[in-house]
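This report refers to the structure that appears directly beneath it.
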Amino acid sequence: MNSNQELTANEISEWRKIIPELNELNNNEEICQYLHNLTDLECEHISVLPESIGKLFNLEYLTLRNCEQLITLPESIGQLSKLEQLSLIWCDNFVEFPQSICELKKLLILELHGSKKIIQLPENISKLKKLENLDLMDCENLTTLPENIGQLRKLKVLFLRGCKNLTELPESIGQLKNLTGLILQGCQSITKLPESVEQLQNLYILDLKRCRSLTKLPENIGELSKLQIIGLHDCVNLTTLPKNISK
């Protein structure tokens, strides 16, 4: 461990408030060892994630749940070189990710549930080259996705259920050659899908239930050989289907 990874007394004090188990340890040395060995951390009802989160260098899973006052994450989050899953669940006032999010080179899963104030994702999210699951359920004010989202070449599931102000998908989505699931249930503002969806040769499920503004589907979408499930319930403005799709 280098000197930059050592926890100060003030930092230890911050973590004592967040992780009650630390108060059962005998001294700061034991607490430091505990934090440095930590691989899985779940926090609830915190307003700020300590800047020293970057010193928990063995962390693989980080879940922040019901943190209603949490607005953003510290820049030091990018120092978590082993992080595989980052989940923010019902953090209602979360607004934006720091630019350092792109440094999480091993991140496989990024979940952002119920963050009602986030409007867009950072452009540099495309640098998360190992990302397999992007889950943005009930991000009600999300209006757009980064145009370069197609650079997430290992993405398998894009989960956008309940993003009711999302108006469109970028054309680059067709570059997601490993995508098996595209979940758009309840995306009430989407009127059409980009034609590039026809390029998603590994797509297995396309869920469009309650996409009430959707008026058309790409003409050749039925030629996707691996597509097994298309959810179209309550797509009230979708009056016709492409010829190669049968009800």
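Hey, if you put +1 on the Cβ of every Lys and Arg and -1 on every Asp and Glu Cβ in the stretch 38-231, which of PHE57, GLY222, CYS67 ends up farthest toward the positive end of that dipole? In the stretch 38-231, that residue is GLY222.
In 10 Å bins starting at 0, how do the alpha-carbon pair distances of the stretch 167-237 split up by percent? Reading the bins upward from 0: 22, 59, 19, 0. For CYS163, CYS32, CYS43, the sequence from fewest to most other C-beta atoms within 10 Å is CYS43, CYS32, CYS163. Think of each Lys and Arg Cβ as +1 and each Asp and Glu Cβ as -1; about the Cα centre, that makes the dipole of the stretch 28-169 roughly 600 debye.
In degrees, nearest 10, range 0 to 90: what is the angle between the Cα axis of helix 28-37 and the longest Cα principal axis of the chain? Taking the Cα atoms of the chain, the angle to 28-37 is about 20 degrees. The aspartates and glutamates within cross-link reach of LYS17, meaning a Cα-to-Cα straight distance under 15 Å and a gap of 8 or more places when in the same chain, are GLU42, GLU44, GLU51. Neighbours of ILE77, meaning other residues whose beta-carbon lies under 11 angstrom from its beta-carbon, give a summed charge of -3 when Lys and Arg score +1 and Asp and Glu score -1.
Taking the Cα centre of the chain as origin, sum charge times position over the Cβ atoms of Lys and Arg (+1) and Asp and Glu (-1), and report the length of that vector in debye to the nearest 20. Don't jump to the answer; show the numbers that get you there.
Numbers: 26 positive and 33 negative charges, 257 e Å.
It comes to approximately 1240 debye.
In percent, rounded to a whole number, the relative contact order of the chain is 10, using alpha-carbon pairs under 8 Å and six or more apart.
Bear in mind these aren't lab numbers, they're just calculated from the coordinates by the rules spelled out. Just so we're clear, the structure is a prediction, and the values are computed from it rather than from any experiment. All Cβ positions, even for glycine, are placed from backbone atoms using ideal geometry, and neighbour counts span all protein chains on display.
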